[in-house]
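Working notes, beginning with the structure itself.
The values are calculated or read from the model by the stated rules, or taken from the named source; none is laboratory data. Note that this is a predicted model, so its numbers are computed, not measured. Here the Cβ positions follow ideal geometry from the backbone for every residue, glycine too, while neighbour counts run over all protein chains shown. Only protein heavy atoms, including side chains, enter the accessible area calculation; ligands, DNA and RNA are left aside. Shrake-Rupley method; radii C 1.70, N 1.55, O 1.52, S 1.80 Å.
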Amino acid sequence: MRASDKAYAALREDIIEWRLAPGTVLAEVEQSERLGVSRTPVREALSRLNAEGLTTAAGGRGVVVTDISLEDIDEMFELRATLEGKAAALAAERGERAVFAQLHADLLRAPELISQDDPARHEYYALVGRLDEAIDAAISNSYLAQAMRSLRVHLVRVRRLAADDAARLNAAAAEHAAIAEAIAAGNAKLAEAATTVHLHRSLSHVKATHSPNEEHHG
């Protein structure tokens, strides 16, 4: 892995996981020492993070980690509803039904993953990631898939802010299962509607459990 890719991956993960909080100044010298690479790869990594909207130039302070406000979250979900609703409908029209039938079955068993002794719920989120990837592959539209991938980076940050208790995760798993079931049935309208329901409930949950101005612990 190139040094700039290593620096980018490390910084990106630290931002998404809130180890680098909003407002944190990312000084080239400090980050190069922390990551064990020279300043040039760090500069390249920061440029990529700027392009993704995870960091921003803050005048004389240099580069800082961007914040996420409730207004930002509303805007993300507006875009998400447009992109993911259309993607689910296209997947129902173009996807391999057997792939989504298997995902539906796996998602019905998701409560077993959620109840495991894993606070980060890696296996559950990996399963949700498989549904995302299957939809991306099924839609046969690289522009739409890229737009959704770009948005997901910020959505992972939002997810880390929300208090995802087991009850909400079990409900979300059922919503994901409904999306997979509709796609497997080849029902585009139902797939889009199931996606709309899921996004509405997710947004309501995030806004009910998250105060952006409070300090984040986690």
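Descriptive notes on the structure:
- A simple rule links phi to the HN-Hα coupling: the Karplus curve 6.51 cos²θ - 1.76 cosθ + 1.60 with θ = phi - 60°, which for the range 195-202 gives 5, 4, 4, 4, 5, 4, 5, 5 Hz, with x for Gly and Pro.
- Overall, the range 23-115 carries a charge dipole of about 320 debye about its Cα centre when +1 sits on the Cβ of Lys and Arg and -1 on the Cβ of Asp and Glu, all other atoms neutral.
- For the range 100-163, the set of trypsin sites (Lys or Arg not before Pro) satisfying both a DSSP loop assignment and a count of at most 15 other C-beta atoms within 10 Å is given as ARG109.
- Residue-by-residue Karplus 3J(HN,Hα) for the range 137-146, coefficients 6.51, -1.76, 1.60, Hz, glycine and proline x: 6, 6, 6, 6, 9, 5, 5, 5, 4, 5
- Taking all Cα-Cα distances within the range 63-158, those exceeding 15 Å account for 67%.
- For the range 53-88 and the range 121-200, distance of Cα centres in Å: 18 Å
- Under-5 Å amide H pairs with THR55, H placed in peptide plane, nonlocal only: ASN50, THR66
- Considering the chain at the alpha-carbon level, its Rg and Dmax are found to be 18.6, 56 Å.
- Looking at the chain, the accessible area is 52 square angstrom per residue; that uses a 1.4 Å probe and ignores ligands, DNA and RNA.
- Note that the range 32-46 has calculated 3J(HN,Hα) couplings of 5, 5, 5, 8, x, 10, 6, 5, 4, x, 5, 4, 5, 5, 5 Hz, one per residue in order, obtained from phi through the Karplus relation 6.51 cos²θ - 1.76 cosθ + 1.60 (θ = phi - 60°); glycine and proline are x.
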